[in-house]
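Structure, as structure tokens:
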Amino acid sequence: MANELAGKRIAFVAAPEGVEQVELTEPWKAVQQAGGQPELISTSSGKIQAFNHLDKADTFPVDKVVTDASPDDYDGLVLPGGVANPDFLRMDNNVVQFVGAFFKQQKPVAAICHAPWTLIEADVVRGRRMTSWPSLRTDLRNAGAEWVDEEVVVDSGFVTSRKPDDLPAFCGKLVEEFAEGKHRAQSKSA
């Protein structure tokens, strides 16, 4: 698994506050261990404040502000969860456009926990089979997704999982999908 993602840049998008730390750090490590280059993108420069559920955890340096980032420069996208993180991100039009562009460009996307809120705002879940934290079930169904309660779901380059307990399966599948590259069917919901 050491070189599956060699030469690939993977964007991780997180709000300045509220990302679930383990949902950022475990996929980040998986990308690095597979030889990929993760980059942290946020809505403002400096550092982001991660959380362990509702408690402040570590901070992480931002590599690029979303207004200075182009989806053209990345081979895949990871959207970590946490309740506040995607709620903040879905209110930022620059983030919504950035996320939507990955689907239009048929690039793989991985989202866990509450992260699909941002995907709903980007209008890219219609007709997709996916999972999330259970409280998003109705939101996703109302947005046109087929929601299922499974550890990890892959739908043509689109990887979703429910919670931190699912991280081993989630990380394995996101590395696999990023290694495969573009998926023509990824743009079907864009």
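The values are calculated or read from the model by the stated rules, or taken from the named source; none is laboratory data. Since we're looking at a predicted model, the values are computed, not measured. Quick reminder, even Gly has a Cβ in these numbers, built from the backbone with ideal geometry, and neighbours come from all protein chains shown. Heavy atoms of the whole protein, side chains included, go into the accessibility calculation; ligands, DNA and RNA do not. Shrake-Rupley method; radii C 1.70, N 1.55, O 1.52, S 1.80 Å.
Worth pointing out:
- Some residue of the stretch 137-158 being of a type in the set (Lys, Arg) and within 16 Å of the chain's Cα centre (by Cα): no
- Output for the stretch 126-163, where each listed residue is of a type in the set (D, E, K, R) and in contact with a Cys (Cβ under 9 Å, 6 or more places away or on another chain): Arg162, Lys163
- Summed over the stretch 158-180, residues that are touching a Lys or Arg at 6+ places or on another chain (Cβ under 9 Å), of a type outside the set (Phe, Trp, Tyr) and either in a strand (DSSP E or B) or open to solvent by less than 10 Å² (accessible area, probe 1.4 Å) (or both) total 3.
- Close contacts from the stretch 9-21, counting a first residue that is crowded, with 24+ Cβ neighbours inside 10 Å and a second that is among the aromatic types (Phe, Trp, Tyr), with Cβ to Cβ under 6 Å and a gap of 6+ residues or different chains, come to Ala11/Tyr74; Ala15/Phe88.
- Pair list, Cβ under 7 Å, 6 or more apart: the stretch 139-161 residue among the aromatic types (Phe, Trp, Tyr), other residue modelled with pLDDT under 95 and open to solvent by 20 Å² or more (accessible area, probe 1.4 Å): none
- Candidates Val96, Val78: the one that is assigned to a helix (DSSP H, G or I), touching a residue at least 24 places away in the same chain (Cβ under 8 Å), open to solvent by less than 30 Å² (accessible area, probe 1.4 Å) and closer than 15 Å to Ala11 by Cα is Val96.
- Those residues of the stretch 23-39 which are surrounded by 20 or more Cβ atoms within 10 Å (Cβ to Cβ) and either in contact with a Phe, Trp or Tyr (Cβ under 6 Å, 6 or more places away or on another chain) or in contact (Cβ under 8 Å) with a residue 60 or more places away in the chain (or both), in sequence order: Glu23, Pro27, Ala30, Val31, Ala34, Gly36, Pro38
- Test: residue in the stretch 140-157 that is open to solvent by 40 Å² or more (accessible area, probe 1.4 Å), assigned to a helix (DSSP H, G or I) and over 29 Å from Ala34 (Cα atoms): yes
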